[in-house]
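S.K.: Handing you this structure, nothing more for now.
The values are calculated or read from the model by the stated rules, or taken from the named source; none is laboratory data. All values derive from a computational prediction rather than experimental measurement. As a convention, Cβ positions derive from the backbone with ideal geometry for all residues, glycine included, and neighbour counts pool all protein chains shown.
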Amino acid sequence: MIVEQLKEQEGFSPIERSIAQYFLEAGEALREQSARSIATRLYTAPSTVSRFCKRLGYDGYSDFREDYLNELRYLSSSFTNIDANQPFKKSDDERTIAAKIGALYRETVDDTLQLTEGGALEEAVDLVAGARNVFVYSAGPQSYLAEDFVDKMARIGRRVIVTYKSDTSYFFSAGGQPDEVFIVLSYSGETSGALRIAERAKEAGSPVIALTSFGRNSLSQMADITLHVSTREKLVEKLGCFGMSISTMLLLDIIYSCVLARDYDRNVINRVQQTRRYEVFRDSDNPILRDKRDTRK
């Protein structure tokens, strides 16, 4: 994220460090400031400010300012109660830890929904609903979470393949077709395997949907559609990949639900019928769990 780059100041020259510090201190006030006015305050040239923004991956100051202000707005919202990196302390007992993890789940869901743009979601659902095959790739633990997506989609007659081996995924992407979709998961958006697979899929003509962090990264710039996950956790200094995992499950469940809703009646009937044919002996004495038996053949 931009804020982290400005704070770390890795490889920055003295003047670049002063510009970075100015951006951090100015915050939302940058909305009313031009590159020229900033340069005047820092006793440098407007072109120096522009070159610094280009170093961060932007076309210039205006392009940088728009993304930076959006990021500040995002960071100032949600997550008011729980630190996503260290949601509990060493001194917390089990009940306290349980309560804090529950709060983390709730805040992560709200955060992810806030980041989910209606247009991007609709486009993603269009691609998945119209795809002959859907491939999901992640080098992290989210590949195992995506297996539930495979099961749900299979029950409404949709084929999803989850891969976590970068070589296998690469060969799938190399043979991709326009009617196949690749969903690529990467929190940083800079994982080499994920980028190679996304790049190869696009070369083969397959659209790519990225599930990645908020802000500009290589994967989001490469993908046809980007859905953002909750972006509050560090890459390493955290107690667990809570945010990415919760966001992944939520977004995949939303995509599945929207695909099902495109042909609601047929999908619901087929799902129940196919599940009953497989789970012949599944039953329960609990009246809450017991299904109403469908008498249709």
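S.K.: Name the single residue, out of those in region 56-78 being charged (D, E, K, R) and surrounded by 15 or more Cβ atoms within 10 Å (Cβ to Cβ), that is modelled with the lowest pLDDT. Give the derivation first.
M.R.: Let us first name the residues in region 56-78 that are charged (D, E, K, R), namely 59, 63, 65-67, 71, 73.
Retained after the next criterion (residues that are surrounded by 15 or more Cβ atoms within 10 Å (Cβ to Cβ)): 63, 65, 67, 71.
Working: Asp63: 91, Arg65: 93, Asp67: 90, Glu71: 85.
Ranking the qualifying residues of region 56-78, first place goes to Glu71.
S.K.: Are there any helices (runs of 4 or more DSSP H) wholly within region 119-194 with 2 or more residues that are under 15 Å from the mean Cα position of the chain (by Cα) and either aliphatic (A, V, I, L, M) or surrounded by 13 or more Cβ atoms within 10 Å (Cβ to Cβ) (or both), and if so which? Even if it seems obvious, please write down each step before you answer.
M.R.: Numbers: elements: 142-145, 147-154, 166-174.
It comes to 142-145.
S.K.: Looking at (1) in a loop (DSSP other than H, G, I, E, B); (2) surrounded by fewer than 18 Cβ atoms within 10 Å (Cβ to Cβ); (3) within 16 Å of the chain's Cα centre (by Cα), which one does Asn81 not meet, given that it meets all the others?
M.R.: In the conditions (1) in a loop (DSSP other than H, G, I, E, B); (2) surrounded by fewer than 18 Cβ atoms within 10 Å (Cβ to Cβ); (3) within 16 Å of the chain's Cα centre (by Cα), Asn81 misses (3) alone.
S.K.: Which residue, of Ser62, Ser76, is more than 30 Å from Glu107 (Cα to Cα) and not acidic (Asp, Glu)?
M.R.: After ruling out the rest, the residue left standing is Ser62.
S.K.: Another one. Need the failing condition index for Thr48 against (1) among the polar types (S, T, N, Q); (2) farther than 26 Å from Ile246 by Cα; (3) surrounded by fewer than 16 Cβ atoms within 10 Å (Cβ to Cβ), just the number.
M.R.: For Thr48, the exception is condition (3).
S.K.: I'm trying to understand the selection: among the residues of region 14-67, which are under 25 Å from Ser218 (Cα atoms) and among the β-branched types (Val, Ile, Thr)?
M.R.: Those that are under 25 Å from Ser218 (Cα atoms) and among the β-branched types (Val, Ile, Thr): Ile19, Thr48, Val49.
S.K.: Output the number of residues of region 200-222 satisfying the condition of being buried (at least 24 other Cβ atoms within 10 Å of the Cβ) and either of a type in the set (Gly, Ala, Ser) or not in a strand (DSSP E or B) (or both).
M.R.: 5
S.K.: Are any residues in region 1-57 in contact (Cβ under 8 Å) with a residue 24 or more places away in the chain, within 22 Å of Gly189 (Cβ to Cβ) and not in a helix (DSSP H, G or I), and if so, which ones?
M.R.: Those that are in contact (Cβ under 8 Å) with a residue 24 or more places away in the chain, within 22 Å of Gly189 (Cβ to Cβ) and not in a helix (DSSP H, G or I): Met1, Leu56, Gly57.
S.K.: Residues in region 216-232: is at least one in contact (Cβ under 8 Å) with a residue 40 or more places away in the chain, within 24 Å of Asn85 (Cβ to Cβ) and among the charged types (D, E, K, R)?
M.R.: Checked region 216-232: at least one residue is in contact (Cβ under 8 Å) with a residue 40 or more places away in the chain, within 24 Å of Asn85 (Cβ to Cβ) and among the charged types (D, E, K, R).
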